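Novice: Okay, here's the structure, questions in a sec.
The values are calculated or read from the model by the stated rules, or taken from the named source; none is laboratory data. As the structure is a computational prediction, the values presented were derived from the model and not from experiment. Using ideal geometry, Cβ is built from the backbone for each residue, glycine included, and neighbour counts are taken over all protein chains shown. Heavy atoms of the whole protein, side chains included, go into the accessibility calculation; ligands, DNA and RNA do not. Shrake-Rupley method; radii C 1.70, N 1.55, O 1.52, S 1.80 Å.
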Amino acid sequence: MIILGIETSCDETAVSVLKVNRNRFKILSHVIASQIKTHHKYGGVVPEVAARQHVTNMIPVLNTAMTKAKVLPKQITAITVTKGPGLITSLRVGVQTAKTLGLLWNKKIVALNHMEGHIYANWSKNPNIKLPALCLTVSGGHTELVLINKYSEYKLIGRTRDDAAGEAFDKVAKLLGLGYPGGPKIQALAKKGNPYKFEFPRPMMAHNNFDFSFSGLKTSILYLVKKKFTNKKIPISDICASFQQAVVDVLTNKTLIAANKLNVKSVLLAGGVAANIMLREELGKKIKLELSGVKYYYPPLHLCTDNAAMIAMAGYFHIISQDFTDWKKLDADPNWELV
Ligand code: KG4
Ligand code: ZN
């Protein structure tokens, strides 16, 4: 089976062609037109600018993905596309492209939740992940603990009450003048810093639930920079290292307690923040030490941040259940939550 994936929820125009053979995935093409350079100067994504660039990039990206994959439209089984959540005008470019191709090529469409795509990036090299699994989904817009009991059946265990983890990375980077996106920049500087130089709060870590909160952490960094370092050189690497340590401590501790309580067979990591090396490693170490028999998975780096292969992978599980979307009713849904 060959699946076309389309993703335009935020600032990446992405198209991928995926081949599936007996539940094993082979990515035939994985093309992304990134807008990072455009949005860098604003310190975040500007929706109108993002949508205009999706319109410009979509057809060339689609053309490159089909050419690289060496497939013809008649070989494609179905078209999968991100319907939400995300920026409405960005999402619409992908959705309208999927509808147009569906009509033109006479293909069925699967409209997908972006976060479901992030979760299924874990299946790229591991077709036999055992369920129930607990997934920590951490991106620019989401921070959630999701229990997967069956394919496409999810239960929300906890979520952020304010900023998402990726958003916290981006906001802290912005206030330190590091630009967008903040995650990779903070990670790089943190390598040179002392993670225990500043005792930043671990918000809600001791609370008896699985919710998160990151806005206070960002505020405490703002105060530190404004009060202590007004006329002094800001120790940016130490701040980055201490901030990253605080975020990783909260995320890994809560995930571990939830996985233990829910008695899951697997723990998964997903979303753009899953690209964070420290998070990937610390969670792995803690699972190995404290959760015997539980398997731990995280996606390869190129499938952590937004891409279309993950949409095609999630779409596969809908296709095999014949769970298609009526294209006449299909429109983008910017607020669509998975759970
Ligand atoms: O999943 P994603 O590409 O887009 C959304 O769905 O939001 O995630 C983007 C987020 C950004 O906030 C970015 O700063 C963060 O992922 N991110 C990272 C790293 N790479 C990307 N955060 C921490 N460490 C990283 N290495
Ligand atoms: Zn994403």
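Novice: Compute the separation of the alpha-carbon centres of the stretch 198-268 and the stretch 97-173 and state it in Å as a whole number.
Specialist: Centre-to-centre (Cα) distance: 23 Å.
Novice: Nearest 10 degrees is fine. How inclined is helix 236-262 to the longest principal axis of the chain, computing both from alpha carbons?
Specialist: 60 degrees
Novice: Between helix 47-69 and the chain, what is the angle of the helix's C-alpha long axis to the longest principal axis, kept within 0 to 90° and rounded to the nearest 10?
Specialist: The helix 47-69 is inclined about 60 degrees to the chain.
Novice: Something else about it: Are any of the pairs K197/K226; K130/K286; K41/K227 more than 21 Å apart by Cα-Cα distance, and if so, which?
Specialist: K41/K227
Novice: Which residue, S34, S16, S139, tops the fluctuation ranking in a GNM of the chain built on C-alpha contacts under 10 Å?
Specialist: In this elastic network of the chain, the residue with the biggest mean-square fluctuation among S34, S16, S139 is S34.
Novice: Please figure out what share of the DSSP beta bridges in the stretch 131-299 is antiparallel and state it in percent, rounded to the nearest 5.
Specialist: DSSP beta bridges in the stretch 131-299 are roughly 55 percent antiparallel.
Novice: Whenever you get a sec, compute what percent of the accessible area on the stretch 131-299 sits on carbon and sulfur atoms (1.4 Å probe).
Specialist: C and S atoms contribute 52 percent here.
Novice: So what is the 222 nm mean residue ellipticity for the chain from helices alone, if each DSSP H run of at least 4 adds -39500 (n - 2.57) and you divide by all residues, rounding to the nearest 500 deg cm²/dmol?
Specialist: Counting only the DSSP helices, I get -12500 deg cm²/dmol.
Novice: Next question, about the same structure. Among residues other than P299 whose Cβ falls under 10 Å from its Cβ, what is the net charge (Lys/Arg +1, Asp/Glu -1)?
Specialist: +2
Novice: Now for a separate question. Using Cα pairs under 8 angstrom and six or more residues apart, how large is the relative contact order of the stretch 131-299, in percent? Provide the component values of the computation, followed by the final result.
Specialist: Details: 314 pairs, mean separation 45.9, N = 169.
Relative contact order comes out at 27 percent.
Novice: Next up: Among P299, P127, P195, which one shows the highest mean-square fluctuation when the chain is modelled as a Gaussian network with alpha-carbon springs under 10 Å?
Specialist: Residue with maximal mean-square fluctuation among P299, P127, P195: P127.
Novice: Going Cα to Cα from K254, which aspartates and glutamates come in below 12 Å? Please leave out same-chain ones fewer than 8 positions away.
Specialist: Leaving aside aspartates and glutamates fewer than 8 places away in the same chain, those within reach of K254 are E144, D211.
Novice: Compute the acute angle (0 to 90°) between the alpha-carbon long axis of helix 277-290 and the principal axis of greatest extent of the alpha-carbon atoms of the chain; round to the nearest 10°.
Specialist: The angle comes out near 80 degrees.
Novice: What number, in percent, do you get for the relative contact order of the chain if the mean sequence gap of Cα pairs under 8 Å and at least 6 apart is divided by its residue count?
Specialist: Numbers: 741 pairs, mean separation 84.8, N = 339.
Relative contact order here is 25 percent.
Novice: Then there's this: Excluding same-chain residues fewer than 8 positions from K107, which aspartates and glutamates have a Cα within less than 14 Å of its Cα?
Specialist: D323, D326
Novice: Compute a Gaussian network model of the chain, connecting alpha carbons closer than 10 Å, and tell me which residue from N231, N128, N260 fluctuates the most.
Specialist: Result for the chain, Cα springs under 10 Å: N231 fluctuates most.
Novice: Hey, another quick one. With respect to the cross-link table entries K125/K295; K99/K150; K155/K265, which display a Cα-Cα separation exceeding 18 Å?
Specialist: On the way: K125/K295 14 Å; K99/K150 29 Å; K155/K265 16 Å.
Over 18 Å Cα-Cα: K99/K150.
Novice: Would you kindly calculate the mean projected area, averaged across all directions, of the convex hull enclosing the Cα atoms of the stretch 131-299, in square nanometres? Each step should come with its number before you reach the end.
Specialist: Details: hull surface 37.5 nm².
Result: a mean projected hull area of 9.4 nm².
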